[in-house]
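This report refers to the structure that appears directly beneath it.
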Amino acid sequence: MTSPNNSRKPLIAGNWKMNLDRKSIQELVGAVSSGIVGRGAVDVAFFPPYVYLPEVLRACEGTNILVGSQNASEQASGAFTGEISVSMLKDIGIPSVLIGHSERRHVYGETLEQIHRKVAIALEAGLQVVLCLGETLQEREDGRTEAVCREQLSTALEGVSRVDLTRITLAYEPVWAIGTGVVATPEQAAAVHLYVRGVLAGLFDDSGAQSTRILYGGSVKADNVTDLMSVPDIDGALVGGASLAAKSFLPIIEGAQG
Ligand code: PEP
């Protein structure tokens, strides 16, 4: 279960989903950016809704906070009403994009092929990718957790070069734990993280697998983050609900420092 490489810097990322407004965003960014001063042992990222990206980017200037998009189109440009391309994200200075979140897969029906194309086009545009994967409760109960994670990972990363792997972070997010208050136990998460790292090693090589960050996501809070982060293969957290207020997000960042 232990990882020979402890050089992966933890990342705590907030996925705001379709929440907040200008005023609450200003307060949140202000409080988090001043709250993390002197806490450089952990990387921090925000994934705001599209319309707030430029504003959040500006507000995070001069801080170490990474700003990313929650999604992007698999198309380069053209007649795709309502979509946002990776080159648009790049154009406004967004360095990172979340791909394959379970709400995109299960609420909006994104397919494995679409997710594969999104990963490919984002990497081609020079963006960093946070690729989400994870099983539903039914899939876990059917004993298919590993098969589902393997399929999601291998299809999404098909054709990705070893060099481009360095721009990928994975987020294991069991669907049954997202927004439910039911967090995976450290043992459950450890087993999947170890498995996923093994799949990565098979797809690329051991050093690629050992240097890729794998976040855990699903009902992470201040009171469970330290236990989760004590698992050697867990390199941080993707946080939904608890990332919407500094009073719940900052203690998670603090708890991740061990
Ligand atoms: C998420 O949306 O990625 C997530 C993990 O949500 P929550 O922390 O609310 O479970």
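Summary table
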quantity	calculated
Whichever residue in the range 166-199 is part of a loop (DSSP other than H, G, I, E, B) and of a type in the set (D, E, K, R) and, among such residues, is nearest to Tyr216 (Cα to Cα)	Glu173
Residue within the range 228-241 that is touching a residue at least 60 places away in the same chain (Cβ under 8 Å), open to solvent by 50 Å² or more (accessible area, probe 1.4 Å) and farther than 20 Å from Ser102 by Cα present	no
Count of the range 107-159 residues which are part of a loop (DSSP other than H, G, I, E, B) and more than 21 Å from Ala45 (Cβ to Cβ)	12
So Leu66, is it out of contact with any helix residue (DSSP H, G or I) (no Cβ under 7 Å at 6 or more places or on another chain), outside any strand (DSSP E or B) and under 15 Å from Ser96 (Cβ atoms)	no
Checking Asp206 against (1) among the charged types (D, E, K, R); (2) out of contact with any Asp or Glu (no Cβ under 9 Å at 6 or more places or on another chain); (3) over 19 Å from Gly159 (Cα atoms), the condition it does not meet	(3)
Filter result (among the polar types (S, T, N, Q) and not in a strand (DSSP E or B)) within the range 69-106	Gln70, Asn71, Ser73, Gln75, Ser77, Thr81, Ser85, Ser87, Ser102
Residues that are within 12 Å of the ligand (Cβ to nearest atom) and either at positive phi or over 10 Å from the mean Cα position of the chain (by Cα) (or both), drawn from the range 94-104	Gly100, Ser102, Glu103, Arg104
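The values are calculated or read from the model by the stated rules, or taken from the named source; none is laboratory data. In this text, all values refer to a predicted model and were calculated from it rather than measured experimentally. Counting neighbours? That spans all protein chains shown, and the Cβs are built from the backbone with ideal geometry, glycine included. For accessibility, only protein heavy atoms count, side chains too; no ligands or nucleic acids. Shrake-Rupley method; radii C 1.70, N 1.55, O 1.52, S 1.80 Å.
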